[in-house]
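First up is the structure itself, then whatever we jot down about it.
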Amino acid sequence: MNPQTIPVLSLQDFGQGTPAEQRAFVDDVGQALAAIGFFALTDHGIDADLVQSAYAAAAAVFTLPNAVKRQYEDRSLNGQRGFTAFGREHAKDSLHPDLKEFWHIGPEATPPRNLWPTEVPAFQTAMLALFAQLDRCARSLLEACALYLDLPREFLAQTTVNSPTLLRVLHYPPVPPDRPAAQMRAAAHEDINLITLLCEATAPGLELWQTDGTWLPIAAIPGQIIVDTGDMLQNLTNGLFKSTTHRVTNPSNDRDRRFSVPFFVHPRPEVDLSPLPSCVKRTGGEERYPRLTAEAYLRQRLAEIGLA
């Protein structure tokens, strides 16, 4: 990918820059999320060696026998913690399940409890450390979003304290040769949450839907994190910030595996996601999105994708 196909921003400008650089970062974040819903982030404080350790631990876990992995799948949790088996989740309105399996990790202090594979102790160590680093980064980005929206700096970040934010450890195994032609690793979809932080994946495949009707490949560039708007933030901003459709395509070599670790930043269940009056004013004066809580929104979306 040419790095200039989506905006590339440095978090250092926000955390350590001059007042002018901080303001420019806020404007660049807001304009990117309003225009295309995606940008790439550098100087974000996520340790590159930790990301690689997390992927090594993930590979060890997902190559365990299916019978072992299923010991950590609790269907009563609706896929919100622990293991979710291959083919269980599908994109909204998709006729086929996605060609993936995953493991969800939430804050240790927020119920329900995390399910850790005892067969690979390094998995828990790496994922909790990565969760903490991504959470710090996400709070800074939400502060920038709030400032762009002319809200108090902590307005958005405080909604994520003790929330069901999730680190999703994704494994796309070799593609089954007998799959339907239309079945993909991840069919076209939008994220549910406020914002998503995506560490560089181990292989290409991510594509972003553009307004001209074409798909833009987004490469996994070392040192960059991809950030995108989720449906909840789109709802809250009355569409000022765009939740853009994206997908993960099948590889040219069906035997190739792919790992990725998106960090889905959620608000607490009781948070009101009704369009903010100030955002309604900035988007034409009419509410275009429903009034509902984060809990109601999540429950609806989990049912739509087959997890509840």
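The values are calculated or read from the model by the stated rules, or taken from the named source; none is laboratory data. On a predicted model such as this, the values are computed, not experimentally measured, just so you know. Cβ coordinates were reconstructed from backbone atoms using ideal geometry, including for glycine residues, and neighbour counts include every protein chain displayed.
Points worth noting:
- Entry remark, the stretch 190-211: residues being in contact with a His (Cβ under 7 Å, 6 or more places away or on another chain) and under 27 Å from R136 (Cβ atoms) number 4 in total.
- Scanning the stretch 158-170 for residues that are closer than 26 Å to P65 by Cβ and crowded, with 20+ Cβ neighbours inside 10 Å returns L166, L167, V169, L170.
- Scan of the stretch 19-48 for residues that are out of contact with any helix residue (DSSP H, G or I) (no Cβ under 9 Å at 6 or more places or on another chain) and free of Cβ contacts under 8 Å to residues at least 40 places away in the same chain, ordered by number: P19, A20, A32
- Residues of the stretch 22-42 that turn out to be of a type in the set (D, E) and either in contact with a Cys (Cβ under 8 Å, 6 or more places away or on another chain) or surrounded by 15 or more Cβ atoms within 10 Å (Cβ to Cβ) (or both), as a count: 1
- When the stretch 44-72 is filtered for residues that are touching a Leu at 6+ places or on another chain (Cβ under 8 Å), assigned to a loop (DSSP other than H, G, I, E, B) and either surrounded by 15 or more Cβ atoms within 10 Å (Cβ to Cβ) or of a type in the set (S, T, Y) (or both), the ones remaining, listed by number, are H44, I46.
- Among the candidates G30, G37, residue that is of a type outside the set (F, W, Y), in contact with a Lys or Arg (Cβ under 6 Å, 6 or more places away or on another chain) and modelled with pLDDT of 95 or more: G37
- Near pairs, Cβ below 6 angstrom, 6+ apart or cross-chain, from the stretch 147-166 (within 15 Å of R136 (Cα to Cα)) to any residue that is among the polar types (S, T, N, Q) and surrounded by fewer than 21 Cβ atoms within 10 Å (Cβ to Cβ): N162/T110
- Within the stretch 110-131, residues that are closer than 12 Å to V169 by Cα and free of Cβ contacts under 8 Å to residues at least 60 places away in the same chain sit with their Cβ atoms under 9 Å from residues that are assigned to a helix (DSSP H, G or I) and of a type in the set (A, V, I, L, M, F, W, C), at 6+ positions apart or across chains, in these pairs: Q124/A57.
- Candidates are the residues of the stretch 211-267 that are hydroxyl-bearing (S, T, Y) and touching a residue at least 40 places away in the same chain (Cβ under 8 Å); the one that is nearest to I46 (Cα to Cα) is S260.
- The stretch 16-27, residues that are over 19 Å from Q224 (Cβ atoms), touching a Phe, Trp or Tyr at 6+ places or on another chain (Cβ under 7 Å) and either hydrophobic (A, V, I, L, M, F, W, C) or at pLDDT below 95 (or both): V26
- Hey, P275 closer than 24 Å to A32 by Cα, in a loop (DSSP other than H, G, I, E, B), touching a helix residue (DSSP H, G or I) at 6+ places or on another chain (Cβ under 7 Å) and not β-branched (V, I, T) or not: yes
- Residue list for the stretch 75-97, filter: of a type in the set (A, V, I, L, M), surrounded by 15 or more Cβ atoms within 10 Å (Cβ to Cβ) and in contact (Cβ under 8 Å) with a residue 60 or more places away in the chain: A91
- Index of the failed condition, T110 passing every other in (1) in a loop (DSSP other than H, G, I, E, B); (2) within 22 Å of Q52 (Cβ to Cβ); (3) among the β-branched types (V, I, T): (2)
- Counted residues, the stretch 25-43 - those being farther than 21 Å from L233 by Cβ and either in a loop (DSSP other than H, G, I, E, B) or of a type in the set (A, V, I, L, M) (or both): 1
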